[in-house]
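Please treat every number below as a calculation from the coordinates, not as lab data. In this text the structure is predicted, and so the values were computed from the model without any measurement. Ideal geometry is used to build each Cβ from the backbone, glycine not excepted, and the neighbour counts take in all protein chains shown.
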Amino acid sequence: MELLIALIPALPLIGFLFSVLVGSRLDHVPSHGHDDYDAQAHPTDTDAADVHESADVAAHAPDAHDEVEEALESVPTEEEQAETSPHAGHADDLANAQGADGVIPEELNNGLGQSGHVAPDGPQPRYRSWIVPTALVGIMWLFSMVVFANVIFGGKTFHVTVYEWIASGDFKIEIAFFVDALTAMLLLVVSSVGLLVHVYSIGYMNGDRGFWRFFAYLNLFMFSMLLLILGDNYLMLYIGWEAVGLCSYALIGFWYKKPSAAGAAKKAFVVNRIGDLGFALGIMMIWTLLGTLNFDGVFEGIGGVSQMQVTIIALLLFAGAVGKSAQFPLHVWLPDAMEGPTPVSALIHAATMVNAGVYMVARSNPIFAHAPIAMWVVAGIGIFTAIFAAAIALTQNDIKKVLAYSTVSQLAYMFTALGIGAWAAAIFHLVSHGFFKGLLFMGSGSVIHGAGGEQDMRLLGGLREKMKWTYWTMVIGSLALAGIPIFAGFFSKDEILGEAFNRGYLLFYLVGVVVAFMTAFYTFRMIFMTFHGRWRGPHEVWRHVHESAATMVAPLAILAVPTVLVGLLFGLPPEGGLIHGWLGGVFEESDHAGILPGSIAAGEHHGFELFGGGGLLLLVGAAAGVLGILLAYRWYVQRTEEPARFVERIPFGLGPGMYRASVNKYYVDDIYQLIFARGGVIVGELLWWFDAKVIDGAVNGTGRLADWIGGGLRKVQTGRVENYGLGMAAGLVLVLIAFLVWR
Amino acid sequence: MGLAGYLIVSTVLFAIGAFGFMARRNAILMLICIELMLNAVNLSLVAFNAYRPTASVNGAIFALMIMAVAAAEATVGLALIIAIIRTRQTAEVDEYHDLKE
């Protein structure tokens, strides 16, 4: 078993090394016709000439390309133009990352490449570099499941020490793995979604010149993520943490010649660094105070540290989680990260990496349990982010952006749960969210792929005719996200809401219900806009719309199974499901953290009552979801003019302004642009002035002073011996006088 | 007279030497002036030695030492001056100002 655990992260690492070494020789990608790297070097709406060139280079369907672009230019209404115009002129990173909203879909060429266009001359295209990485991840998945079963059903925990890495006096760091129920839960999500994304990518990345590179990155990511969740000490957690950040950077910027992708990658990296600085400081503080980084040692010793120090540690750790899990105010990178290929969005930015923050806080639960103030901060930021991101998701038109903000909002749910001490509920939601959000992202990728690269939902529609599998699997995922009974999201989300209610956080509960309603609404707004109604894009593209390849649809179908079942299996009966039994040991010590005095949970706990308070809570949660779906159906299927009228009916004429604010993500990016990018430039200019004038002035001044003194002194050197003699005599006299005076 | 007389002579000699060194322009004469100053010092040393309460030869030895050094210095100095005079065709030190800045 120990060997098995050690092999779990090792296998993807081997796959990565293999891909790096020989991957490029295994593929043969036609060098013309799919040359989207160079062709899409400048896909901004201002560079129309470039885009037309790229249409020529992309040998297939140039007309369709033009049509798409014209349609895109003509579609935005007055209000929607506000969406793109503020960003159009920015050249800086922050704005770059947003610039490509619904401009030129990056996967256009890829998508059509799938339709069987093969260069008539030259060898057949050949893709074999996926075999080894995917096979290794498959084996890894098998091992993970064995470990999962042993831990969850066998009730064991494993410590595996591979070797001692650092030994310096009392300070010891081992490369060691630790598997308990919490890790096992993460292992389930990471390895399952990871494997499915590998399979999915075989179809999705077909035709891309970076095919082997993509699999290399994916394997490196799997390795890093597994290191993160398996690590037995904070240093290994941190290494995995930074490594997944690096992979995220590499994969967001996978199409690195596209400025928006490169900018988004940079943005994700920089924003994550801000949080990681806090995380690193937190780890250093732990080591300074406790002298160890091992989870066991830290959690044993944390009780002896003063209240304020624990709070600072907890807040610093949480800063890292805020960055990695994209919580306000560091949420800005995640929506832009959608510039990456869609499998990356599904794997990294929905199902696994963004969960790292939740995992880390949950893992550090003994620390947080000792820091009530930090718990409040976690819950407060969580609930605020939940409603904030949901309010942005309401109006986004890019299918992936809707899902991205939804991810932010759902992660925020988890943090709310963590903050109120509902640890198991948070992990439950993490697991179910990992599955259904992975499913939704892969489904959106299938839509983008099948619809010729179109991501703008205003130009989609009616796809259910042609993409039955994608439609039904995405509906299942959406029902789960909307929290409709029997689907996974229902149990996990309502558990969080129920815990908030029982523990006495009434405000959080109410906001949570509102968010649930908004979630259901925007999720089904996305479904209805994409799959219902009629096709709103150009005609030529419609002819090419097709269901995706089996390698892409199969993972969707497979993921739909846990999306339906995870809730029933893990969560029944509500508030006392199996997952609580499994995770009970992990959170034993911290179970009562966060319970407010006077709340239901603080009194006698009489268990869940289906026909009592608990059942009523479930009903409210389900009703919020159903109402949201019904509203979306009314607005986006039955009466499509209704949303615009509703906006006008908001009193005091606030409607259009609110709409614009939501479309523009409440201007957070613009504020950051103003404060940090512009402000940075201003500060830089001030510092430059200081450097040029004061620092350089001092240095040059010193030089000039020496020059000036030397210029004066050189007149003394006459070259005449008698002058020197006079000098000596005068000196002698002076010495004599001094001698006589101070004797 | 006693010690003071010797010292006065010594001071006068030294002053003449110093003045000569600064006032004269001829290199050889300046060298002689230096010798004059050295000998003024020698005179005072020997005088101090003679008027010391306990018998001693230290001052005399010092004077001998200085004479030896002065002889060496005069030799080297003269050799240098002659070399300069040969190249510059003059003994006037005013003309030797090539080493100024």
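A few points about this structure:
- Only the Cβ atoms of Lys and Arg (+1) and of Asp and Glu (-1) were treated as charged; on that basis the dipole of the stretch A:621-724 about its Cα centre amounts to roughly 80 debye.
- Among A:493, A:665, sorting on how many other beta-carbon atoms sit within 10 Å of each Cβ, with the fewest leading, yields A:665, A:493.
- With a Förster radius of 30 Å applied to the beta-carbon distance between residue A:674 and residue A:308, the computed FRET efficiency rounds to 0.30.
- Relative contact order computed over the stretch A:163-286 (Cα-Cα under 8 Å; 6+ residues apart), in percent: 19
- Taking only the C-alpha atoms of the stretch B:1-76, the Rg (one decimal) and the largest Cα-Cα distance, Dmax (whole number), read 13.6, 45 Å.
- Per-residue mean of C-beta atoms belonging to partner chains within 10 Å, peptide A:713-722: 5
- Under the criterion of Cα pairs below 8 Å and six or more residues apart, the relative contact order for the stretch A:148-211 equals 28 percent.
- Alpha-carbon Debye profile of the stretch A:174-313, log10 I(q)/I(0) at 0.09, 0.11, 0.19 Å⁻¹: -0.36, -0.52, -1.15
- Mean Cβ count within 10 Å, highest first, over the residues of peptides A:555-564, B:35-44, A:479-488: A:479-488, A:555-564, B:35-44
- Cβ crowding within 10 Å ranks A:666, A:359, A:238 as A:666, A:238, A:359, fewest other Cβ atoms first.
- Computed over the stretch A:428-536, relative contact order equals 38 percent, with contacts defined as Cα pairs under 8 Å that lie 6+ residues apart.
- log10 of Debye I(q)/I(0), alpha-carbon scatterers only, for the protein assembly as shown at 0.05, 0.11 Å⁻¹: -0.41, -1.27
- Test item: Cα-centred dipole of the stretch A:160-275, Lys/Arg +1 and Asp/Glu -1 on Cβ, debye: 840
- Only one residue of A:252, B:36, A:218 has its Cα farthest out toward the positive end of the dipole of the protein assembly as shown, where Lys and Arg carry +1 and Asp and Glu -1 on Cβ, and that residue is B:36.
- Residue exposure sequence - A:591, A:276, B:94 - by fewest surrounding Cβ within 10 Å: B:94, A:591, A:276
- Dividing the helix sum by the residues of the protein assembly as shown, where each DSSP H run of 4 or more adds -39500 (n - 2.57), gives a mean residue ellipticity at 222 nm of -22000 deg cm²/dmol.
- Net charge dipole size for the stretch A:363-479 [Lys, Arg +1 and Asp, Glu -1 on Cβ; Debye, nearest 20]: 140
- Cross-link pairs beyond the 28 Å C-alpha cut-off, checked among A:324/A:468; A:401/A:466; A:324/A:493; A:466/A:493; A:267/A:693; A:324/A:466: A:324/A:468; A:466/A:493; A:267/A:693; A:324/A:466
- Kirkwood hydrodynamic radius of the stretch A:203-272, Cα pairs, Å: 12.8
- Ranking A:392, A:367, A:723 by Cα position along the charge dipole of the protein assembly as shown, where only Lys, Arg, Asp and Glu carry charges on their C-beta atoms, puts A:723 farthest toward the positive end.
- Considering only A:593, A:539, B:45, the residue lying farthest towards the positive end of the dipole of the protein assembly as shown is B:45, judged by Cα position with unit charges set on Cβ.
- Per-pair calculated FRET efficiency, R0 = 56 Å: residue A:589 and residue A:687 via Cβ, rounded to 0.05: 0.70
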